[in-house]
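**Student:** Supplied in structure tokens, the structure appears directly below.
The values are calculated or read from the model by the stated rules, or taken from the named source; none is laboratory data. Just so we're clear, the structure is a prediction, and the values are computed from it rather than from any experiment. FYI the Cβ positions are ideal-geometry reconstructions off the backbone, even for glycines, and counts take in every protein chain you see. Heads up: the accessible areas ignore ligands, DNA and RNA and are worked out on the full protein's heavy atoms, side chains in. Shrake-Rupley method; radii C 1.70, N 1.55, O 1.52, S 1.80 Å.
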Amino acid sequence: MSELDQQLPSAFDPFADASADDSSAGGKEYVHVRVQQRNGRKSLTTVQGLKKQYSYSKILKDLKKEFCCNGTVVQDPELGQVIQLQGDQRKNVSTFLVQAGIVKKENIKIHGF
């Protein structure tokens, strides 16, 4: 019976490798910059994955002043704190975070290109 159990195929989990890679001690912590389409031409840029040692409200204040847009910090139960900005600000946010020294360029993932 044990030989039969070993021969049966098991269900494949495509996300098993991704979660195992993320939990490794040597893994990189990425900052994810995404755009979400709202209604019509309106869009929303989200920034997640910043280290908790940074003050999200101060970063948001500088981003709003630099790019002349409105934004907020949202508390998500799964993702933690997420910065939301009006409009498509993906390139602007990534260059700002690198120039401010908050994140290295290779640790930023821009989604939606």
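**Student:** Using beta carbons and a limit of 8 Å, which pairs, at least six apart or on different chains, have the first residue in the stretch 83-102 and free of Cβ contacts under 8 Å to residues at least 40 places away in the same chain and the second one surrounded by fewer than 17 Cβ atoms within 10 Å (Cβ to Cβ) and polar (S, T, N, Q)?
**Tutor:** These pairs meet every condition: Ile83/Thr72.
**Student:** Which one of these is modelled with pLDDT under 90, open to solvent by less than 100 Å² (accessible area, probe 1.4 Å) and either under 22 Å from Gly80 (Cβ atoms) or among the polar types (S, T, N, Q) (or both): Ser57, Ser23, Ser43?
**Tutor:** Numbers: Ser57 fails: modelled with pLDDT under 90; Ser43 fails: modelled with pLDDT under 90.
Among Ser57, Ser23, Ser43, only Ser23 is modelled with pLDDT under 90, open to solvent by less than 100 Å² (accessible area, probe 1.4 Å) and either under 22 Å from Gly80 (Cβ atoms) or among the polar types (S, T, N, Q) (or both).
**Student:** Select from the stretch 57-113 the residues that are over 13 Å from the mean Cα position of the chain (by Cα), charged (D, E, K, R) and either at positive phi or in a loop (DSSP other than H, G, I, E, B) (or both) and list them in ascending order.
**Tutor:** Listed by number, the residues that qualify are Asp88, Lys104.
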